[in-house]
Amino acid sequence: MRMKVLLLIAFTFVSVAINVRSDHELFYQNDAASMAANPLLVPLTLIPGAASKGAVCLDGTLPGYHFHPGFGSGANSWVIQLEGGGWCNTIRSCVFRKTTRRGSSKFMEKQLPFTGILSNKAEENPDFFNWNRVKVRYCDGASFSGDSQDEAAQLQFRGQKIWQAAMEELMSKGMKQANQALLSGCSAGGLASIIHCDEFRTLFPTSTKVKCLSDAGLFLDAVDVSGVRTLRNLFGGVVKLQEVQKNLPKSCLNQLDPTSCFFPQNLVNHVETPLFLLNAAYDAWQVQESLVPSSADPHGSWNDCKHNRANCNSSQILFFQDFRNQMLNYIKGFSGESQTGLFINSCFAHCQTELQDTWFADDSPVIGHTPIAIAVGDWYFDRKTVKAIDCAYPCDKTCHDLGFK
């Protein structure tokens with residue numbers, strides 16, 4: 001029971017954020033060791049004075065973060081993890097979100113386990129264990145990038161201001177002395193780490209080594225099984241409702257509409273700071289909510305396939321392979337840049353930095369014998385060029401795939 005509760009802490013973002021039906025809860029099919037033993041529990045800190053800067057959650061409560069200080073050789077190094085949790089794209093879905101930890105700090109856990117890239121143990125997190133490690137909580141519903149409000153619904157869309165207030169708070173806590181910094185994030189937080197990557201770079205002098213990591217943030221503008229662009233419809237609502245265009249790169253907006261510029265496939269080539277893309281080629285969240293949402297499969301003809309890939313027929317497998325091919329095609333230009341990093345494994349997974357068994361463990365996912373933690377470290381510290389792209393499904397036997405309940 002305890003294992004299931006801990007997994008829900010990490011993965012509930014897939015259900016509540018955009019009124020996604022919770023009867024398809026994501027879970028690890030091989031979840032016996034999904035969490036580290038006796039993980040470090042880090043308390044929530046609310047940002048004092050954030051309200052005076054207009055930096056508040058959807059319901060007007062203070063935003064927050066969890067911080068565990070670095071030590072030894074990592075005392076002046078910082079890793080910032082932006083929390084994920086979907087989006088809200090309508091007044092109704094954002095009003096609902098106010099009743100959850102994704103829209104109000106009143107409902108946030110008072111402490112969170114720091115595992116994976118946030119672990120303080122060298123055997124679990126070899127390159128970043130002694131860094132200052134921070135998890136910034138997500139309560140705005142637009143990947144830390146909106147800036148508007150709806151007075152009638154008593155909604156504050158202040159993701160950009162939350163981002164700024166969090167960075168100011170962390171700079172005052174010692175991050176301004178950083179000689180190394182890594183901005184990371186998972187899912188909606190992975191998209192946020194792309195959007196804010198260059199802004200993060202400007203916080204530091206040129207002598208500071210600054211890079212960014214997007215985990216499961218490569219959301220594609222894909223067509224679902226019924227021929228509809230479900231995710232584009234969702235993103236369009238987020239961008240319009242929360243006026244996200246104010247905080248998207250002008251270089252992208254000069255070429256494309258704001259909704260297109262919220263898609264990472266169109267953003268990554270505008271990021272100048274070194275960026276690493278970690279993504280499952282068959283991203284489990286996108287399979288469930290973008291490629292085969294219930295709205296596109298009213299008769300449930302995909303249900304058996306979604307629950308167990310062994311039940312997929314040849315045309316269904318081809319549909320997934322086409323999605324992988326689209327992903328690889330979109331990042332061709334990105335992968336050709338010398339400073340970028342890639343780890344695209346052929347798994348049905350989502351968010352692989354935060355849980356111990358996918359980040360760094362005896363049976364972690366690997367590409368060419370290299371686990372994710374080592375690949376990210378090799379890239380960050382310039383030990384190796386990392387452009388790891390897996391062979392197509394079903395060749396990878398090291399996956400920790402997600403299923404659907």
### Task
With a point put 7 Å past each Cα toward its Cβ, work out how far Thr45 is from Ala153 in nm, to one decimal.
3.3
### Calculated [θ] (222 nm, deg cm²/dmol) that DSSP helices of n ≥ 4 give over the chain, each run adding -39,500 (n - 2.57)
-7000 deg cm²/dmol
## Note on the structure
Restricting to lysines and to Cα separations under 18 Å from Lys250, and discarding same-chain partners fewer than 8 apart, the set is Lys240
### Query
In the range 269-405, what is the count of Lys pairs whose alpha carbons are under 23 Å apart, counting only pairs at least 8 residues apart or on separate chains?
6
### Message
5 Å is the cut-off here: which amide hydrogens, built 1.01 Å from N in the peptide plane, fall below it relative to Val366, excluding neighbours closer than 5 in sequence?
### Response
Thr398
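Keeping every protein chain present and rolling a 1.4 Å probe, give me the accessible area per residue for the range 40-389 in Å².
Solvent-accessible surface per residue comes out at 35 Å².
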### Query
What whole number of Å gives the distance from the Cα centroid of the range 121-135 to the Cα centroid of the range 47-118?
20
### Query
What list of ³J(HN,Hα) values in whole Hz, one per residue of the range 104-116 in order, does the Karplus curve 6.51 cos²θ - 1.76 cosθ + 1.60 (θ = phi - 60°) give from phi, with Gly and Pro shown as x?
7, 6, 4, 10, 6, 4, 6, 8, 10, x, 9, 10, x
### Summary
Interchain or sequence-distant (5+) residues whose placed amide H lies within less than 5 Å of the amide H of Ile389 are Ile344
#### Entry: Kirkwood hydrodynamic radius (C-alpha pairs) into Stokes-Einstein, the chain, 20 °C and 1.002 mPa s, D in µm²/s
102
### Query
Each residue of the range 284-295 in order: what ³J(HN,Hα) in whole Hz does its phi give by Karplus 6.51 cos²θ - 1.76 cosθ + 1.60, θ = phi - 60°, with x for Gly and Pro?
5, 5, 5, 4, 6, 10, 10, 7, 10, x, 4, 5
### Mean Cβ neighbour count within 10 Å, used as a protection proxy, ranking 187-196, 321-330, 89-98 highest first
187-196, 89-98, 321-330
### In order through the range 146-162: 3J(HN,Hα) via Karplus (6.51 cos²θ - 1.76 cosθ + 1.60), integer Hz, x for Gly, Pro
x, 7, 6, 7, 10, 5, 4, 8, 6, 10, 10, 9, 10, x, 4, 5, 4
### Summary
Protection proxy (average C-beta count within 10 Å per residue), highest first, orders 162-168, 381-387 as 162-168, 381-387
### Query
Given a cut-off of under 8 Å on Cα pairs at least six residues apart, what relative contact order in percent is computed for the range 40-389?
17
### Task
Given the peptides 287-295, 127-135, arrange them by the average over their residues of other C-beta atoms within 10 Å, most packed first.
127-135, 287-295
#### Entry: the range 235-261-the range 311-353 distance, computed between alpha-carbon centres (Å)
24
### Query
Of the beta bridges DSSP finds with both residues in the chain, what % are antiparallel, to the nearest 5?
40
### Message
If amide hydrogens are placed 1.01 Å from N in the peptide plane, which non-local residues have theirs closer than 5 Å to the one on Gln81?
### Response
Val134, Lys135, Val136, Ser184
### Query
Percent antiparallel among DSSP beta bridges with both residues in the range 44-135, to the nearest 5?
60
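The values are calculated or read from the model by the stated rules, or taken from the named source; none is laboratory data. Keep in mind that what you see is a predicted model, and the values were worked out from it rather than measured. Note: ideal-geometry Cβ built from the backbone for every residue, glycine included; neighbour counts use all protein chains shown. With ligands, DNA and RNA removed, areas are computed over all heavy atoms of the protein, side chains included. Shrake-Rupley method; radii C 1.70, N 1.55, O 1.52, S 1.80 Å.
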